[in-house]
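Shown next, in structure tokens, is the structure this report addresses.
Nothing in this text is a laboratory measurement; each read-out follows from the coordinates by a stated rule. The shown structure was predicted, so the numbers you read here are calculated from the model rather than taken from an experiment. Every residue, glycine among them, receives a Cβ derived from its backbone with ideal geometry; neighbour counts consider all protein chains shown.
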Amino acid sequence: MAGAFRPEYALMMNKLVHAAMEKGEKALSEYTAKQLLAAYGVPVTREILAREKDQAVEAAGNIGYPVVLKACSPELMHKSESGAVVVGIENTEALMAAYDRVVSATSAPLEGILIQEMVHGRRELVVGLNRDPQFGPCVMLGLGGVLTEAIKDIVFRVAPFNQNEALDMMDELRSKAILDSFRGEAAVDRTILGKTLQAVGQVALDHDAIAEIDINPIIIDARGNIKAVDALVVLG
Ligand code: ADP
Ligand code: MG
């Protein structure tokens, strides 16, 4: 489904966004946010929402170790700060221990515990959206990872924009060299990244209730494929 634009989902996804609004939620959970983005063709991690420990064990078996475990709640906007993320879980014992640790670390009401594939890659991007009072929905592309704050290498486009403009955004990054083949890792799939940038703009155009989107990070793997491993959709 990567890159496939599926506007027929707009209506269905509208219900999902409005259901969250009606419950008074200020954001979508990571799981729901990724369902929304995936419907628009954004590549996201394979993941399963578990409601009990034995479901989590089964989910990890289906996805295949190593896995990542996260507490999933619309109230958890910065999960690692609250001890709600465990990466690199190698086996059932470690999974069960992580499950207990994460459940006791957070007081937020949980939608469930998210079990997801572990994505390997040394390059990280951030894709975001905010609404400018003058220009409307603006899509942001930036360098992700530990250097994000220090380097502040980001570019913006007002949505909607076409694939050529999306490709131009990539070329405008000062650190665009990491998008080419880099230290033995393949060049990023620019087509899918471009469609992802367009899709994020389209989500905002279709859903007025969405104030902000933060996909942080998107990991580029050794073969150049991209995957959103985290997503935050803020309502307002
Ligand atoms: P937060 O809400 O704190 O931003 P994230 O879901 O982004 O939580 O997880 C924190 C970090 O853990 C990410 O920045 C990323 O480096 C790593 N991470 C999270 N999920 C995965 C995954 N599925 N595969 C690989 N690394 C991951
Ligand atoms: Mg994150």
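Take the alpha-carbon centre of region 185-221, take the same for region 49-104, and report the distance between them in whole Å. Value for the Cα centre distance between the two parts: 25 Å. Taking only Cα atoms, what is the 0 to 90° angle, nearest 10, from helix 190-206's long axis to the longest principal axis of the chain? So the helix axis and the longest Cα principal axis differ by about 80 degrees. With R₀ fixed at 45 Å, the C-beta to C-beta distance from ASP171 to GLU90 puts the FRET efficiency at about 0.70. Proximity of backbone amide H atoms, modeled 1.01 Å from N, is registered between VAL44 and ALA228 at under 5 Å, excluding neighbours fewer than 5 places apart on the same chain. Expressed as a rounded percentage, what relative contact order does the chain have, with Cα pairs under 8 Å and six or more residues apart? Averaging sequence separation for qualifying contacts and normalising by length gives 24 percent for the chain. Working note: Karplus 6.51/-1.76/1.60 with θ = phi - 60° gives region 152-160 the couplings 6, 9, 9, 10, 10, 9, 7, 7, x Hz, where Gly and Pro are set to x. For ARG123, the residues whose modelled amide H falls within less than 5 Å of its own, excluding neighbours fewer than 5 places apart on the same chain, are ILE220.
Computed from phi, the 3J(HN,Hα) profile of region 209-215 under the Karplus parametrisation 6.51, -1.76, 1.60 (θ = phi - 60°) reads 6, 8, 8, 7, 10, 9, 9 Hz, with x in place of Gly and Pro.
Taking Cα atoms only, the orientation of helix 30-39 departs from the longest principal axis of the chain by about 40 degrees.
Which value in deg cm²/dmol, rounded to the nearest 500, describes the helix-derived mean residue ellipticity at 222 nm for the chain, given -39,500 (n - 2.57) per DSSP H run of n ≥ 4 and division by the residue count?
-10000 deg cm²/dmol
Taking the charge dipole of region 163-216 about its Cα centre, with +1 at Lys and Arg Cβ atoms and -1 at Asp and Glu Cβ atoms, the residue from LEU193, SER175, GLN163 reaching farthest to the positive side is SER175.
A convex hull fitted around the alpha carbon atoms of region 94-174 yields 191 Å³ per residue.
Mind checking the dipole of the chain: about its Cα centre, +1 per Lys or Arg Cβ, -1 per Asp or Glu Cβ, Debye to the nearest 20? That gives a dipole near 240 debye. Legend: distances between Cα atoms for LYS34/LYS176; LYS26/LYS79; LYS152/LYS176; pairs beyond 19 Å are LYS34/LYS176. Compared with the dominant principal axis of the Cα atoms in the chain, helix 53-63 is inclined by about 50°. Three semi-axes describe the equivalent ellipsoid of the chain; taken as square roots of 5 times the Cα gyration tensor eigenvalues and ordered largest first, they are 28, 22, 15 Å.
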